[in-house]
Amino acid sequence: MEKYPTLYNESMNTVLAQEVIRYNKLLNIMAKMLKDVQKALRGEVVMSEELDKMATSLFNNQVPDIFSGVGFLSLKPLSSWIIDLNQRIKFISKWISDSNPPAYWLSGFFFPQAFFTGARQNFARKHIVAIDELDMDFKIYDEIDP
């Protein structure tokens, strides 16, 4: 938030902050639940129904419901989902460390609609046009001198 504050002319900062919040929530839940399953398997805590379902999902290479409930939409099995998650985290981390990327990985966003809204806001503010006057194809751009 300090490195990418909310700015009028840079809506991508808000998109990035929202994505980081969502990924951090997912990663925190994953860390806690995986530790709890390990404890339950060692007999250090009671194996609840939730932990049992999670352990069964892990064994069957399925994304546990608790992860998919707060995670990104995906139909992949657990092993591919983890690879995808790591790539998404790498994309976000690179964005944070290197500034706005030259190209965005749209399917890497939790909420791609926010990205499109941010891009439209940046365009509208740069060209001093009301955002609701833009259509989805940015056709008003043809009317503006570059």
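Annotations for the structure displayed:
- Residue in region 9-18 that is at pLDDT 95 or above, among the β-branched types (Val, Ile, Thr) and in a helix (DSSP H, G or I) present: no
- Restricting 93, 79, 48, 57 to residues that are small (Gly, Ala, Ser) and within 30 Å of residue 11 (Cβ to Cβ) narrows the list to 93.
- Yes/no for residue 125 being in contact with a Gly (Cβ under 6 Å, 6 or more places away or on another chain) and surrounded by 14 or more Cβ atoms within 10 Å (Cβ to Cβ): no
- Residue match in region 88-96 (condition: surrounded by 12 or more Cβ atoms within 10 Å (Cβ to Cβ), more than 14 Å from the chain's Cα centre (by Cα) and without any contact (Cβ under 8 Å) to a residue 60 or more places away in the chain): no
- Among the residues of region 41-84, those identified as among the β-branched types (Val, Ile, Thr), in a helix (DSSP H, G or I) and surrounded by fewer than 12 Cβ atoms within 10 Å (Cβ to Cβ) are 56, 83.
- Selection from region 100-111 of residues that are surrounded by 11 or more Cβ atoms within 10 Å (Cβ to Cβ) and either in a loop (DSSP other than H, G, I, E, B) or of a type in the set (Asp, Glu) (or both): 100, 101, 104, 105, 109, 110, 111
The values are calculated or read from the model by the stated rules, or taken from the named source; none is laboratory data. Remember, predicted model here, so these are calculated numbers, not experimental data. With ideal geometry, Cβ positions are generated from the backbone for all residues, glycine too; neighbour counts draw on all protein chains shown.
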